[in-house]
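Worksheet for the structure shown next.
The values are calculated or read from the model by the stated rules, or taken from the named source; none is laboratory data. Nothing here was measured: the structure is a model prediction, and the numbers come from that model. Backbone-built Cβ (ideal geometry, glycine too); neighbour counts: all protein chains shown. The protein model used for the area step is the full one, side chains on, heavy atoms only, and it has no ligands, DNA or RNA in it. Shrake-Rupley method; radii C 1.70, N 1.55, O 1.52, S 1.80 Å.
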Amino acid sequence: MAGNSGGSFGDIILHHVTNDPSHIYFPIHILGMDLSITKHVILLWVVAAVTIFMATWGTRRYRKNPSATPKGLSHLYEILMNFIRDDIVKNNIGKKDGKFWVPLITTYFIFILTANILGLIPLFEFIPGGSNTVTGNFAVTVALASITFFAIIVAGTMKHGFFQYWKNMVPPNIPFPVLFILIPIEIMGMFIRPVALTLRLGANMTAGHIGMVAIFGLPIILNMFGVGVVSVMLNIGIYFLEIIVSLVQAYVFTLLSAVFIGMAIHPEH
Amino acid sequence: MEGLAFFGAAFGAGLAVIGAGLGIGKIFASAAEATARQPEAANEIRSTVNLPLFLLEGVTIIALVVCILAVVL
């Protein structure tokens, strides 16, 4: 986008939707890796703090009495846990095997949802250093998807044992020459799944913001300030669409992780 | 020559969106038909529809990202 005739505007858009590498709060370099504290690192801590605080506050009644009636924030957590356990985990992993994976799947959902919603709060835009959608940063989504990648392998290994899990990758009783095609495809599929998870979440969260900034830039590009009224009205609509996208993407990431873990636990026969 | 790259990227993005639109339309048309024929299976149909829909969406987004990369790189 940068470098063509509209280069300066492309740069403005990119600045608003990515982590600005030039604005570093505290530089850290370990073993040649750049682990500097940027805006997204700080926002990740904010997301972690909000998630931990709300979860401990919302479930404090159940620690004293496991069968307490829900009240206030615990209603939300009761609905959320029921939804994830019954609709996502039980349907895709299974009742018995799923019990172990409910905490991981729930953490995915709450973390991604909190990060997505945090990216929609315009107030955080005033902190210097780029966009405020943590999940729009591909480094974050790569980290989340690699957790899924290892969870798939761990799930299969726990259920079937190490060697049986790798044997389960191809269906039994197929002609020998087919293996030469099937094994590379299965190995590719193993890596494509987390890549698809990464791109889906990151691109969806970034795309909405690119669209919003581009529409806000219309009056500047066209040099007609009356267009600003239209672009604000359009962006209000897109903002509500973004709320739906945040919810759907959190659900999609969670559901697909559960489906992939379930596929490792229940191989095809 | 650079203009050709932009044209290719925009054209590819359009093609990807056409394919995704057709696919999503087909999925939901069949889902609506199935629900109308058998309303008591609505929940099951909905959960069956979700997974191919999201996989389709993922493929489309990968195609769009490749188109963007053709412009940026």
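Interface A-B: total buried accessible area of about 1200 Å², 1.4 Å probe, protein heavy atoms only. Mean partner shielding of peptide A:196-205, defined as the number of other chain Cβ atoms within 10 Å of each residue Cβ, is 4. What is the percent carbon and sulfur in the accessible area of the protein assembly as shown, measuring with a 1.4 Å probe over the protein chains and ignoring ligands? Carbon plus sulfur share of accessible area: 75 percent. Compute the helix-to-body angle for A:138-160: its Cα long axis versus the longest principal axis of chain A, expressed 0 to 90° and rounded to tens. The helix A:138-160 is inclined about 10 degrees to chain A. Look at the alpha carbon pairs under 8 Å that are at least 6 residues apart: their mean separation over the length of chain A gives a relative contact order of 25 percent. Stretching A:Leu182 away from A:Leu76 to a fully extended chain increases their span by 33.6 nm, per 0.36 nm per residue minus the current alpha-carbon distance. Of the residues A:Phe150, A:Phe163, A:His16, the one whose Cα sits farthest towards the positive end of the charge dipole of the protein assembly as shown is A:Phe163 (charges of +1 on Lys and Arg Cβ, -1 on Asp and Glu Cβ, taken about the Cα centre).
Rg ratio for segment A:2-265: its Cα radius of gyration over 2.2 N^0.38 Å, N being its residue count, equals 1.20.
For chain A, the longest principal axis of the Cα atoms and the long axis of helix A:39-58 meet at an angle of about 60 degrees.
Compare A:Gly189, A:Gly119, A:Gly156 in a GNM of chain A, Cα atoms joined below 10 Å, and give the one with the largest fluctuation. For chain A, modelled as a Gaussian network with Cα springs under 10 Å, the answer is A:Gly189.
Amide H to amide H distances under 5 Å link A:Ile37 with A:Tyr25, A:Phe26, A:Ile28, where only residues 5 or more positions off or on other chains count and H is placed in the peptide plane. What base-10 log of the normalised intensity I(q)/I(0) is obtained for chain B from the Debye formula, alpha carbons as equal point scatterers, at q = 0.23, 0.25 Å⁻¹? For chain B at q = 0.23, 0.25 Å⁻¹, log10 I(q)/I(0) is -0.93, -1.02. Counting Cβ atoms of other protein chains within 10 Å of each Cβ in A:246-255 and taking the mean gives 2.
Between 0 and 90 degrees, the angle of helix A:178-216 with respect to the longest Cα principal axis of chain A falls at about 30 degrees.
Each Lys and Arg adds +1 at its Cβ and each Asp and Glu adds -1 at its Cβ; summed about the Cα centre, segment B:2-72 shows a dipole of about 80 debye.
A 1.4 Å probe over all protein chains sorts A:Asp97, A:Asp11 by accessible area into A:Asp11, A:Asp97, starting with the largest. Multiplying the residue separation of A:Thr56 and A:Asp11 by 0.36 nm and removing their Cα-Cα distance gives an extension gain of 12.1 nm. Taking the Cα centre of the protein assembly as shown as reference, the dipole from Cβ charges on Lys and Arg (+1) and Asp and Glu (-1) amounts to some 1240 debye. Remark: relative contact order (chain B) = 55 percent; criterion is Cα-Cα distance under 8 angstrom and separation of 6 or more residues. Under a 5 Å amide H cut-off, with hydrogens placed 1.01 Å from N, A:Gly130 pairs with A:Asp20 among residues at least 5 apart or on other chains.
So the label point goes 7 Å from the Cα of B:Glu33 along Cα→C-beta, right? Which residues of segment B:48-66 then have their backbone N under 16 Å from it? Backbone N within reach: B:49. The 3J(HN,Hα) values that the Karplus relation (6.51, -1.76, 1.60; θ = phi - 60°) gives for segment B:29-34 are, in residue order, 4, 5, 5, 5, 4, 5 Hz. Gly and Pro appear as x.
Legend: calculated FRET efficiency, A:Ser146 to B:Lys26, from the Cβ-Cβ distance at R0 = 35 Å, rounded to 0.05, equals 0.55. Peptide B:52-58 has a mean shielding of 5, counted as Cβ atoms of other protein chains within 10 Å of each residue's Cβ.
Counting only heavy atoms of the protein chains and using a 1.4 Å probe, A:His75 has close to 90 Å² of accessible surface. Over chain A, dividing the summed -39,500 (n - 2.57) contributions of all DSSP H runs of at least 4 residues by the number of residues returns a 222 nm mean residue ellipticity of -22500 deg cm²/dmol. Please work out the FRET efficiency for the pair A:Ala68 and A:Asp97, using the Cβ-Cβ distance as r and a Förster radius of 45 Å; give the result to the nearest 0.05. After rounding, the FRET efficiency stands at 0.95. Report the residue, chosen from A:Ile215, A:Ile105, A:Ile183, that carries the largest GNM mean-square fluctuation when chain A is represented by alpha-carbon nodes joined by springs under 10 Å. Residue with maximal mean-square fluctuation among A:Ile215, A:Ile105, A:Ile183: A:Ile183.
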